[in-house]
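Taking it in order: structure first as structure tokens, then the write-up.
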Amino acid sequence: MSNFVVTSLPPAGLKLIERQRPSDARGFLSRIFCAEELAFTGLHKPIVQINHTYTRKRGTLRGMHYQTAPNAEMKLVSCIRGEVWDVAIDLRTNSPTFLQSYAQKLSADNCCALLIPEGFAHGFQSQCDDCELIYLHTSSYSPQAELGLRFNDPLLAIPWPIPVIEISSRDQSHPLLTEYFSGINV
């Protein structure tokens, strides 16, 4: 039995990973990651960093972040407490799905994760208080390579499900895209 059900999503390269959760009277076991079982998804680089976020208030937004080459990263994002609206945007130059976004509810209950390829921006909005996420990264955080998009950029028109009540000053200050933005190379 596989520990994962993998579904390809639009934009191209994005994957929904549904973790199987065998259970018995004691509780359950859910495998978050297995390099061997997930190799076919394109996740060939080693996981080099694992981050854990805690978001206190419902409606808080984090993102939209990405890293440029040579520090571009693939991420596997899982919600282990609460519920979030997770968003990925294709920023790859010459991609057929350039600037398309995809949003998915991730929660502790639905056991879903997003596998986000290199060249995508990522962010999320907490849908309840006290949310926790685990991120597996194929590249270490690099402040020199990190960039971001404005969560309310009109060119992206991201449909956030509830009003944004809190966002960092850094995330609020990302520049708006213009028609001259041609994407990033990964």
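Entry note, the stretch 4-53: relative contact order of 24 percent, from Cα contacts under 8 Å with a spacing of 6+ residues. With N counted as the residues of the stretch 30-109, its alpha-carbon radius of gyration over 2.2 N^0.38 Å works out to 1.23.
Note on residue 110 and residue 7: their simple-model spin labels are 0.9 nm apart, each label 7 Å out from Cα toward Cβ.
Neighbour counting of Cβ atoms within 10 Å sorts the residues 15, 75, 105, fewest neighbours leading, into 105, 15, 75.
Cβ crowding within 10 Å, taken as a proxy for footprinting-reagent exposure, orders 64, 74 from fewest neighbours to most as 74, 64. Estimated translational diffusion coefficient (Stokes-Einstein, Kirkwood radius over Cα pairs, 20 °C, 1.002 mPa s) of the chain: 127 µm² per second. One way to sum up the overall shape of the stretch 106-186 is the equivalent ellipsoid from its Cα gyration tensor, whose semi-axes run 23, 19, 13 Å, largest first.
Residue exposure proxy: 8, 139, ordered by other Cβ atoms within 10 angstrom of their Cβ from fewest to most, comes out as 8, 139. Taking the helices alone, the chain has a mean residue ellipticity at 222 nm of -500 deg cm²/dmol, built from -39,500 (n - 2.57) per DSSP H run of at least 4 residues and averaged over all its residues.
Readers should treat all values here as calculations from the given coordinates under stated rules, not as data from a laboratory. Quantities reported herein were computed from a predicted structural model and do not represent experimental measurements. Positions of Cβ are backbone-derived with ideal geometry, glycine not excepted, and every protein chain shown enters the neighbour counts.
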